[in-house]
Amino acid sequence: MTYVVTEACVRCKYTDCVDVCPVECFHEGPDFLVINPDGCIDCGVCVTECPVGAIYADTDLPPAQQVFVEINARLSTQWPVIAEACEPLADAAEWAEVKDKRHYLDVLQEG
C-alpha cells in the first residue's frame, strides 16, 4: 500500500502534509504535490494533515481518482523533493472547494 495525492490538491498545493512526512516522499510541481510510491512507508500521517482531503491510501481511492496512482508515480520521478512546508498557492482558498480540477493540472497537457 502507498498513499496518493489526488485531484483536490490541484491548484491548492497546501504543504501541511510535507511537514509530517518522516521520509520526505513528497515531490512538488507547479500547481500540485505528488507522493513517491517507492519512498512512502505507508504511515498515513499525511492524510489528516491535508486541509482539502486530497490524500488517500491507494486501496481506498475513489474510482474517479484511480488515475492519480500513475500520475503520482510518474511525476515523483520528474519533480524535486519538497521537505519543508511552504505557502500554498496564492488563490488556494478559491480552488479548495472546486471539484473536477484534473484538466487544470498543467502536466496533463504536457503529456
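State the number of residues belonging to the stretch 41-54 that are touching a Ser or Thr at 6+ places or on another chain (Cβ under 7 Å) and buried (at least 18 other Cβ atoms within 10 Å of the Cβ).
Final tally of qualifying residues: 1.
I'm checking my understanding of the structure. Among residues of the stretch 23-72 that are charged (D, E, K, R) and assigned to a helix (DSSP H, G or I), which one is farthest from the chain's Cα centre (by Cα)? It would help to see each step written out before you state the result.
Of the residues in the stretch 23-72, the ones charged (D, E, K, R) are 24, 28, 31, 38, 42, 49, 58, 60, 70.
Among the residues that remain, those that are also assigned to a helix (DSSP H, G or I) are: 49, 58, 60, 70.
Working: Glu49: 12, Asp58: 12, Asp60: 15, Glu70: 12 Å.
Step by step, filter the stretch 23-72, then rank; the result is Asp60.
Test Gln78 against the criterion of being more than 10 Å from the chain's Cα centre (by Cα) and closer than 16 Å to Lys101 by Cβ, and give yes or no. Step through it out loud before you land on a result.
Values: more than 10 Å from the chain's Cα centre (by Cα): yes; closer than 16 Å to Lys101 by Cβ: no.
When the stated conditions are applied, Gln78 does not pass them.
Test Cys17 against the criterion of being assigned to a helix (DSSP H, G or I), touching a strand residue (DSSP E or B) at 6+ places or on another chain (Cβ under 7 Å), more than 17 Å from Met1 (Cα to Cα) and not charged (D, E, K, R), and give yes or no. Before you say what the answer is, go through the steps one by one.
Numbers: assigned to a helix (DSSP H, G or I): yes; touching a strand residue (DSSP E or B) at 6+ places or on another chain (Cβ under 7 Å): yes; more than 17 Å from Met1 (Cα to Cα): yes; not charged (D, E, K, R): yes.
Yes, satisfied.
Could you list, in sequence order, the residues of the stretch 2-13 that are part of a loop (DSSP other than H, G, I, E, B), closer than 14 Å to Glu87 by Cα and under 9 Å from the mean Cα position of the chain (by Cα)? Spell out the reasoning first.
The first filter runs over the stretch 2-13 and keeps only residues part of a loop (DSSP other than H, G, I, E, B), leaving 2, 6, 10-13.
Still in the running and closer than 14 Å to Glu87 by Cα: 11-13.
Result: Lys13, single match.
Look through Asp16, Asp58, Asp31, Asp38 and report the one residue that is at pLDDT 95 or above, under 13 Å from Pro88 (Cβ atoms), surrounded by fewer than 22 Cβ atoms within 10 Å (Cβ to Cβ) and not polar (S, T, N, Q). I'd like the intermediate steps shown before the answer.
Numbers: Asp58 fails: under 13 Å from Pro88 (Cβ atoms); Asp31 fails: at pLDDT 95 or above; Asp38 fails: under 13 Å from Pro88 (Cβ atoms).
Result of the check over Asp16, Asp58, Asp31, Asp38: Asp16.
Can you go through Pro22, Pro88 and tell me which one is of a type outside the set (Gly, Ala, Ser) and in contact with a Lys or Arg (Cβ under 7 Å, 6 or more places away or on another chain)? Show your work before the answer.
Values: Pro22 fails: in contact with a Lys or Arg (Cβ under 7 Å, 6 or more places away or on another chain).
On inspection, the qualifying residue turns out to be Pro88.
Given the options Cys40, Cys25, name the one that is of a type in the set (A, V, I, L, M, F, W, C) and under 14 Å from Ala83 (Cβ atoms).
Values: Cys40 fails: under 14 Å from Ala83 (Cβ atoms).
Selected residue: Cys25, the only one of Cys40, Cys25 that is of a type in the set (A, V, I, L, M, F, W, C) and under 14 Å from Ala83 (Cβ atoms).
The values are calculated or read from the model by the stated rules, or taken from the named source; none is laboratory data. These numbers were taken from a predicted model, which means no experiment stands behind them. Virtual Cβ from ideal backbone geometry, glycine too; neighbours counted across all protein chains shown.
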